Each structure stands twice: as C-alpha cells, then as structure tokens.
Amino acid sequence: MPDRVGHYIGNYRLVRLLGQGGFADVYLGEHRYLKSAAALKMRRLSFSQEEAQRFLEEAQTLVGLRHTHIVRVLDYAIEGDTPVIIMDYIPGGSLRQRHPRGTRLPVPLTVDYVGQIASALQYAHNHHIIHRDVKPENILLDSDGRLVLNDFGLALFAPSPDLLTTQELAGTLPYIAPEQVQGKPGFASDQYALGVLTYEWLTGMRPFEGSTWQLLEQHLKAVPPPLRERCP
C-alpha cells in the first residue's frame, strides 16, 4: 500500500490515515485554501469496472441523503485511476473505539443511541435505501457527541425490497439478519442489526458468537439468550 500522506487529491492535502477497510483507506484531508477538514475514502486494491461503478454508486447514494445522523458527501473525484469519495470529517471516532467489546452501557445512553440510529435508518428507508452493514465500526461520533451513520458501501437502492433479485451474502456476520443471510435483505434487516447492537450495548455481549457457519446457523434458527441471563 503506497503511503499517500502529504499528497494532494484535488484541493485536499492528505494529513494522516484515519482507517482501513477491506477495499478502501480513509484519510484526513485539509483543504489547500480553506484549511477545512474532510475525510477522503480511497479505493486501495486493484478493482474492476464493476467495483468502480459500485464505489461511484455509494457516493451517489449518500449525496442525496441529508440527515443529522448520516455522514454527508461533499464531492467525488478520480485521482489517476483511483476513485475518491470526499465526505464530512467526523472527529470523534467510531462507537467501537468509544465503547470497546465487552462494555455495558447505561440504559439511558442506550436508549439515546437507539433513537439516533433509528432516526437515521428511518430516513434512509424512506428514501428506499437499505444500509446492510449497521455495526459499531460504522457509527461515528461528531464533535457534539451525536451519532453519525457511515459507510454505505454495501447499501442497496430498493424502491420495493420484495422485487429485489437474490443478493450475494454481504454484511458483518454477528449483526446480519436471517433474510439477509438468505440473500433477501429488506428494511427490517437494518432494524435487526440495530436490535443486535442494542443487545450488545445492554449486556456487553453480542447474542451470537462463533465461526462463520455457527453464526449463520444461529441467526437462522437460534433464539438469543435472554437479556436477564447476561445482565441480571
């Protein structure tokens, strides 16, 4: 992976690496003239024309969403042969960083978090968008402590989810809904993931753990252990 710190992407100088995913890196950028900050999401690996199109579609999906709790896209660029999504910089890091695995949250804070993410998801669903990857790593905290839903890289535009063709398995297994496992995600799939998050915030544990196949089997067939068993 090339070290891009110090390089310019359009008017933005890359200041430091913020994070890495399976396919992209995210850098903090500073505007050459305005000195404002932005997050620049850049494809890291070689990619096909189809993958480049999906990256563009992520930007097109986000640019149409204007909500307090959804990250805002500022611009899209092609640098050489690398596509770049330029977004608002959310300085507080992710919820996973704020609350590491095993952390139990107070009920009032959990209720507050659920309300904010539910509001973001309802707005996205009203615009026919299924996120498909709601998890702590994809929820950021802004400078005022508000939650911001991020990373719509797996999002689907679905005017009617019932009419979607069967989709490839996508998402993060501990949070994935049964119908999403079966290739038929819907708006309720995001609500299921938020339910898993709520369970984790209250108990410090996710309802299901295990290998890939164990997780898939549990989501499809198992009943989560009662909350009282894990947090009396």
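The values are calculated or read from the model by the stated rules, or taken from the named source; none is laboratory data. This structure is a prediction, so every number in the text was calculated from the model and none was measured. With ideal geometry, Cβ positions are generated from the backbone for all residues, glycine too; neighbour counts draw on all protein chains shown. Note: accessible area is taken over every heavy atom of the protein model, side chains too, but ligands, DNA and RNA are not part of it. Shrake-Rupley method; radii C 1.70, N 1.55, O 1.52, S 1.80 Å.
Scan the range 120-137 residue by residue and report those that are assigned to a loop (DSSP other than H, G, I, E, B) and either among the charged types (D, E, K, R) or within 11 Å of the chain's Cα centre (by Cα) (or both). First the steps, then the outcome.
So in the range 120-137, the residues assigned to a loop (DSSP other than H, G, I, E, B) come out as 127-128, 131-135.
Result: H131, R132, D133, V134, K135.
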Query raised in the report: Among I129, I139, which is within 17 Å of K184 (Cβ to Cβ) and touching a helix residue (DSSP H, G or I) at 6+ places or on another chain (Cβ under 7 Å)?
Result: I129
Query - Residue that is modelled with the highest pLDDT, among those in the range 221-232 that are open to solvent by less than 70 Å² (accessible area, probe 1.4 Å) and touching a helix residue (DSSP H, G or I) at 6+ places or on another chain (Cβ under 8 Å) - result: P224
Query raised in the report: Do any residues in the range 86-107 that are farther than 14 Å from E137 by Cβ and at pLDDT below 95 have Cβ atoms under 7 Å from those of residues that are open to solvent by 30 Å² or more (accessible area, probe 1.4 Å) and of a type in the set (D, E), where the two are at least six apart or on different chains, and which pairs are they?
Result: I86/D75
Query raised in the report: Within the range 61-96, can you find the residues that are polar (S, T, N, Q), within 17 Å of the chain's Cα centre (by Cα) and open to solvent by less than 30 Å² (accessible area, probe 1.4 Å)?
Result: S94
Report task. Could you tell me which numbered condition L156 fails, if it satisfies all but one of (1) open to solvent by 30 Å² or more (accessible area, probe 1.4 Å); (2) touching a Pro at 6+ places or on another chain (Cβ under 8 Å)? Result -> (1)
Report task. Would you check if there is a residue in the range 49-61 being touching a helix residue (DSSP H, G or I) at 6+ places or on another chain (Cβ under 7 Å) and under 21 Å from I139 (Cβ atoms)? Result -> no
Query raised in the report: In the range 3-35, which residues are at pLDDT 95 or above and of a type in the set (G, A, S)?
Result: G29
Requested in this report: Would you check if G145 is over 16 Å from the mean Cα position of the chain (by Cα), at pLDDT below 95 and open to solvent by less than 50 Å² (accessible area, probe 1.4 Å)?
Outcome: yes
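Could you run through the range 182-193 and say how many residues are crowded, with 19+ Cβ neighbours inside 10 Å and out of contact with any strand residue (DSSP E or B) (no Cβ under 8 Å at 6 or more places or on another chain)? I'd like the intermediate steps shown before the answer.
As a first pass, look at the range 182-193 and keep what is crowded, with 19+ Cβ neighbours inside 10 Å: 185-186, 189-190, 192-193.
If we keep only those that are out of contact with any strand residue (DSSP E or B) (no Cβ under 8 Å at 6 or more places or on another chain) too, we end up with 192-193.
Summing the residues that are crowded, with 19+ Cβ neighbours inside 10 Å and out of contact with any strand residue (DSSP E or B) (no Cβ under 8 Å at 6 or more places or on another chain) in the range 182-193 gives 2.
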Report task. Mind listing whichever residues of the range 159-181 are part of a loop (DSSP other than H, G, I, E, B), surrounded by fewer than 14 Cβ atoms within 10 Å (Cβ to Cβ) and either in contact (Cβ under 8 Å) with a residue 60 or more places away in the chain or not aliphatic (A, V, I, L, M) (or both)? Result -> P159, S160, T165, T166, E168
Report summary line: Of the residues in the range 195-232, those that are under 24 Å from the mean Cα position of the chain (by Cα) and within 15 Å of L105 (Cα to Cα) come to G195, V196, L197, T198, Y199, E200, W201, L202, T203, G204, M205, R206
